[in-house]
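No lab work stands behind these numbers, since they all come straight from the coordinates. Being a predicted model, the structure only gives us computed values, none of them experimental. A quick note on method: Cβ atoms are made from the backbone with ideal geometry, for glycine too, and the neighbour counts reach across all protein chains shown.
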């Protein structure tokens, strides 16, 4: 893709048909409430993935498996592709404008990250010979979160012609990701008038309603055109057509102001009216004024979360792209929402919540958006505690043990591969760790008493039941798990999982003691509700933490990923034939599993989380051992390596890993950006700069820094929120 | 189910609606070429599973998985449910006969195993008050393997009435087991006349054609009735209707003679004619003569494979049921066919070939049907060697390594769970073992030179690549496998798999040396075709067999199922809450995996195969340890325990396990007989008698016996074929 580096913009300067879907992901826009892939407004008959998503509007798609196993969830809840509200057909002298059939002479697209605006300009020759230029500008508003707006300007370059615009919304959309090729939306109502159109749809099963109301308007050379629009209606499709007899160089601009309201925020009977109001007010304000609002809102966001890197435009663009995507995916305004791995940029992973949020995203939102936003993310899990207890019960656990889901929309487990769904239980640890991390950063220990302790107790009880005693070893063991390194399944004694489990048990005990001392009344309530038996449960927990088995290699001085890891043939990544990579596209699954290659090094993840518990030499030995065996085929992998490499002073490796994480999508390392962006791993990129190069840590309630910049960086500066203050870092 | 024991018959004496599907499985009939569940001929509006199967007529059903993994096969080849040729609607004074709506006064069904004939007799009161009795007799011919025939006699018991018969064939059938609810058959042609009907269908994708041609005939009180049949045709449905004004006690008998011909054996253009000839010749011979043929053919079969047990009718019925099912599933007449786990009795497992054939069925067919039949089963795999090499290549193996499929119809892998498809590789060992077993029994070493050696070389090469060297252990290891005990997945060093792999390497080497010495020209050809490097490959094989790691527990003196088995909580089956069983219906998959409970004890399977390599005390210790932990939720499990228990003299356990295996379906231990019978495990039941109680072994080319009968058995006698002689055993 002909992408250019630029400190504030993502720029594409050539039209490449085979890269349309990838660009649609990269140029996506959103406002934390909804998002839109960078599909073209006009007809495009080539390969495209239309995508328009509204946070929290999901569908429980019936599970599809080859061989059912007890415990599988009945469905996978996925955020739905929804109405294509940007639609705008353009005909010139009866010929349809379509970049797949026209001759594209010039093409320029930019995503202005500073202002949250997508602009596309192109010049084409139509099959019949007419030439025209187009400028399309659009955004979803950060100020009016129910609003999307676009302007679309056509200019004839070599003659006069009749230009016909048909702005429309097409609501009868299907998910590309649908297990049984079913439709997920039912039609409710629609209207089309000369000046506006409206369509309301309702999701099947979940019954969410959404209304899209568009006011459209035509200006010619900046003046409102008094030309009549003719309404058009089809099946869940509303729009209107207007014809202009235009002269060469006339600027014909079509505006769309679309209010998008959902039953998450309105009563179903008021949806259409509310959407109409959003559109009407927007139209009244006018496109320029809305743009100004938008620019200002984004500038305010950047004011306290920008990261400036001097002397390295690639690195600068990379980090801003990550921050921009995180900001437009989640704003913390709605505790029902969370951060899907692909945000609003694609359907894969269903827009659902993964452990990514706790392990990677929370530190970012803590530092840039503030305590309240991070707290909403914690409360999301608190609210789902009853479901986590149910999930554990389905797997045979009892007495209030809680297993948080691997993938969820509403707290219920959605994933359906046994080795992940039932065994990738380390996620429970990350959810406890996020509470610790939040309190360490904010000092807000009262969160424990309010919500956190109940979550911790549920999680620790799960561990206490899941860990078993081995007579043979005279140790506690944890059998049959999958660690964050998903290139191993059903292993015994995954070091990371054992470690974080024991940490949970200790931290829960400490937290209980703190709440007991500081909020005795609330503590008594929590114990009573949880039927907690201090004496027996604490005794058991202590026994586990004292007698847990941790696989190690004493000779090498490293922790072992799991029992038997060294039985594998030890080959290093550098000795792998590049033609064999990425392994997950080249090797069969069994071969990956029995190889020593690691998708994401979970021992290092543990060392990263609990850094203070290891001396630098230990970190260095483990880093060296695992980095050589890690293929980084998880987007969540390189950031941790960047941070640890900086920690041990291996700045070349740190920089290599930083570029890999921050430009993963821009440079499409894994050849899959067409499916959407890796939103959650972008938080890891931010961590690589802040915790890696700037060396930021919280110690004893204070921020500390230990900057180690890549040699060619001239400067690094950023701001973080910390305990009510904005701290400016410069180096 | 009101089942009665009887030495030669399966008898049901009551009509129970909730047991209709189970009975349909138990009373199935077949002739090795095709089979038919015991569906009612007349309309049945209650719960039923129509099933009519033709060996070798399969469809590649597109794979359905939740999460695709590299290496998964594109489809699952399944034997298809095919036309319902037994159809016969009966109306009495306009009322349809339907056991779901009529009042059933008497009901009797028997499967005569001695003669291969299914008979059903019942008396009903129709809703309108008329009473009638019916006798339905049917069989699929062992003599004319393209023929199915039935007679259906109605008698009015309390008055005169108009009886209307509509014999028909309905060919527009769907599989119950279809991944995407698609149809698998296309219509080709049909005709219906007064005396016959014919319909031809073709399978989608695979293009197999089948024609069903029925001649129908009515007799009244034994005399041909000169009443006109009116042809009827619907969509892929052909039949004819005849009306009889019948008097009380008149015997109205409708005969159907159905020729079923397929493109496996005929040119497509000759199918219909051939089917017509089969039906015509059968009609000419008449039902009684056909029955006589059938009885004689079955008696001849029994003459050299019956097992008589004196003093225990339950045990007698059980073993004859097993033998009967095996005989009607596979006759060895067609090397393209094999033994599906459910034979022709249900759709589950797709009618495909599993390792069951080699591990369990071959000894049965060797002893009862003779060398040639067993040889056909070996050749089935020989013919599929190129596909086995392809299967291995898909998983990254090279140089002619062969991995036989877990499930197949034509040599290609069909199964799609990674832990089984890619990792349950012990199947390769069983296929090699079958060659050894065949030669041990028959003395036919020339089979090695003709076919066997090529298969052995491919298999051994697979092991040599699959086994890796562990620097850590200074031993060879085999990582990431699933043993026959499928309640463990992705384990390291499964003792059974390691053992049989090393045995394969040794046996292949020995076999190569024998062929080299005895057929040097052929040997040179095999080496050349396989590009076999004697020096290097043999050296590597020897090194592996000398330095392989076998997990053991020295203290207990037992072999360990896999590395780390003793890390599990050791609970015994006797201490399991019965309400938790069967585990596979009560526990989530992860819980089963990390428990110590065993579906099928693979260490014992290995000891059974290679008995001579272990002393009795070792067998006893291992048996005792594993039997206590085995839940026998595989149908293939109890027979091996029965044999080993007899070996070590634990006759109570041997008898318990024998009843469990031989009456698994009759007594419906696993509550699933409605889905079909466990055909392949029936061979295990036979082994339990012959190798267990009679203690039959082949040693140094001679049969030996070591009888140990259950105390209350008065006698045991059977015949086996051995090297051209019929050996009669009596004890």
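Computed over region B:3-303, relative contact order equals 17 percent, with contacts defined as Cα pairs under 8 Å that lie 6+ residues apart.
How far is helix B:534-547 tilted off the main Cα axis of chain B, in degrees rounded to 10, range 0 to 90? Compared with the principal axis, the helix lies near 80 degrees.
For chain A, the Kirkwood estimate of the hydrodynamic radius, built from every pair of different alpha carbons, is 27.1 Å. Stokes-Einstein, applied to the Kirkwood radius of the protein assembly as shown over Cα pairs at a viscosity of 1.002 mPa s and 20 °C, places its translational diffusion at 59 µm² s⁻¹. Peptide B:481-491 is shielded by partner chain Cβ atoms: per residue, an average of 2 of them sit within 10 Å of its Cβ. If you line up the long axis of helix A:371-383 against the longest principal axis of chain A, both from Cα atoms, how many degrees apart are they, to the nearest 10? The helix A:371-383 is inclined about 70 degrees to chain A.
Max-minus-min Cα coordinates of region A:321-383 on each principal axis give 29, 28, 20 Å, with the largest extent listed first.
Report the relative contact order of region B:309-419, percent, no decimals, based on alpha-carbon pairs under 8 angstrom and at least 6 residues apart. Computed value for region B:309-419: 19 percent relative contact order. Of all DSSP beta bridges confined to chain A, the antiparallel ones make up roughly 100%. Distances between copies of residue B:571, taken at a point 7 Å out from Cα along the Cα→Cβ vector and listed shortest first: 4.1 nm.
Cβ-to-Cβ counts within 10 Å put A:349, A:266, A:404 in ascending order as A:266, A:349, A:404, the fewest first. For region A:347-415, what percent of Cα pairs sit more than 14 Å apart? Summing the P(r) tail past 14 Å for region A:347-415 gives 61 percent. For the segment A:419-430, counting C-beta atoms of other chains within 10 Å of every residue's C-beta and taking the mean gives 2. Shape analysis of region B:3-303 yields a ratio of the Cα radius of gyration to the Kirkwood radius, Rg/Rh, of 0.98. Calculated on the Cα set of region A:589-670, radius of gyration then Dmax: 12.8, 36 Å. When A:197, B:704 are sorted by how many other C-beta atoms sit within 10 angstrom of their C-beta, beginning with the fewest, the order is B:704, A:197. Max-minus-min Cα coordinates of region B:137-179 on each principal axis give 49, 32, 14 Å, with the largest extent listed first. This ranking places B:502, A:295 by how few other beta-carbon atoms lie within 10 Å of each, fewest first, which gives A:295, B:502. Per-residue shielding of A:580-592, expressed as the average number of other chain Cβ atoms within 10 Å of the residue Cβ, stands at 5. Helix A:385-394 and the longest principal axis of the Cα set of chain A meet at an angle near 70°. Report the relative contact order of chain A, percent, no decimals, based on alpha-carbon pairs under 8 angstrom and at least 6 residues apart. Once normalised by length, the contact order is 13 percent.
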